[in-house]
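Student: Provided herewith is a single structure, encoded as structure tokens, for subsequent inquiry.
Throughout, read-outs are computed from the coordinates displayed, never taken from laboratory work. The structure presented is a predicted model; accordingly, all values stated were derived computationally and were not measured. Don't worry about glycine lacking a Cβ; one is built from the backbone with ideal geometry, like all the others, and counts go over all protein chains shown.
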Amino acid sequence: MTLDKLPIGMPAVITAVGGEGNLRLHLLDMGVIPHTVVEVKRVAPMGDPIEIFLRGYLLTLRLDDAKTVTVEVCK
């Protein structure tokens, strides 16, 4: 499942960060790295962007960027 499909309030673990070049490096610099627990907190009224909680802070991502992040729902 990708991060853009994760329901609000459901914790998941990042398994892979896709994208190419600067986009991938930018996501990694912001702490979006494998084995990190992430949770979608809010979605904008029009559906884009989404706000996620990871590593103790809130991060806003566009859906196009969130589609490059693969997650696995925590059990």
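Student: Quick one: grab Rg to one decimal and Dmax as a whole number for the stretch 1-44, Cα atoms only, in Å.
Tutor: Cα-based Rg and Dmax for the stretch 1-44 come out at 10.9, 30 Å.
Student: Cα extents of the chain along the three principal axes, largest first, in whole Å?
Tutor: Computed over the chain, the largest-to-smallest principal extents equal 30, 29, 23 Å.
Student: Same structure, new question: In the stretch 48-75, which residues have a backbone nitrogen under 14 Å from the label point lying 7 Å from I8's Cα in the Cα-to-Cβ direction?
Tutor: It comes to 48-53, nothing else.
Student: Mind giving me the FRET efficiency for R55 and E20? R0 is 25 Å, r the Cβ-Cβ distance, nearest 0.05 is fine.
Tutor: Working: r = 23 Å, r/R0 = 0.94.
Once rounded, the FRET efficiency stands at 0.60.
Student: Also, I was wondering about something else. Considering all projection directions equally, how large on average is the shadow of the alpha-carbon convex hull of the stretch 19-58, in square nanometres? It would help to have the intermediate numbers written out before the result.
Tutor: Values: hull surface 13.1 nm².
Across all orientations, the stretch 19-58 yields a mean hull projection of 3.3 nm².
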